[in-house]
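Here's the structure we're looking at; comments come further down.
Nothing in this text is a laboratory measurement; each read-out follows from the coordinates by a stated rule. Note that this is a predicted model, so its numbers are computed, not measured. Virtual Cβ from ideal backbone geometry, glycine too; neighbours counted across all protein chains shown.
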Amino acid sequence: MLKNLIIAIGILVFCAAYVPLTALAEDEVVATVTRLRNTAVVIRKGQQLDVQAGHKLQKFDAIKSGKNARVEIIFNDGTKLYIGANCHIVIDEFLFDPDKNIGTTILRALQGPFRFITGRIGKVQKPQVVVQSRFGVVGVRGTDFWAGPSRGVYGVLLLDGSISVTNPFGQRILTEAGTGVNLTSNTAPPGEVTVWGTLRAQEALDDVAF
């Protein structure tokens, strides 16, 4: 089952990255930058664009935040993404059509801390919402979670709902708010699910708070 899940995620990401741009509505707006502190840029088709509040984001955009920066992004379905300093996240796919029960979001979190809160996309019948990190893939449904550097490791903290954290060496399921896992490399399974405690959880949230 784990092997099949990893293969399925790989196919999704491969398709998102390699379907010809002419076959997609590449200029479609999928999200908006609603708040910004300090500086951030968007890399789009090889061009770097300075970000301001109100900036419209498209599929395949890469968002990079600067020192001490904070970015709030709201997707078309109401999903919220909060980005901390020195963060790099790519929007590989976003499809939302509640009338057809379609809901797909694929993000790559390449660097830095972020918080992800699902909107209406989590309420479709079979949503496909995944966030790739350096060391594993977070599967999401109706969820609020944080991920990023935490106390010398890469951590994932569940704030509400449930998530799976998966890599080729194992999987952890988080269903209790306030629990998290540590990921130390992409050649080791996710750590045990543990209660992070108030102090560590607050440290994480502070890294993305305005």
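I want to make sure I understand the PRE zone here: with the label point 7 angstrom from the Cα of residue 68 toward its beta carbon, which residues in region 81-117 have backbone N atoms less than 14 Å away?
So the set is 85-86.
Please tell me the relative contact order of the chain in percent, rounded to the nearest whole number, where contacts are Cα pairs under 8 Å and at least six residues apart.
14 percent
For region 40-197, what does the alpha-carbon gyration tensor say about shape, rounded, prolate or oblate, given a ≥ b ≥ c as the root eigenvalues, a/c under 1.5 as rounded, and a/b over b/c as prolate?
oblate
How long is the gain from residue 186 to residue 203 if the chain were fully straight, where each residue apart is worth 0.36 nm and the alpha carbon distance is subtracted?
Stretched fully, the residue 186-residue 203 segment lengthens by 3.7 nm.
Only helical DSSP H runs with n ≥ 4 go in: add -39500 (n - 2.57) per run for the chain, normalise by residue count and round the 222 nm mean residue ellipticity to 500 deg cm²/dmol.
Result for the chain: -4000 deg cm²/dmol, rounded to the nearest 500.
Going by average Cβ density within 10 Å per residue, which order do the peptides 45-54, 150-159, 112-121, 184-193 take, highest to lowest? Before the final figure, lay out the partial values.
Numbers: 45-54: 10.7, 150-159: 18.9, 112-121: 22.1, 184-193: 14.7.
Top of the packing list down: 112-121, 150-159, 184-193, 45-54.
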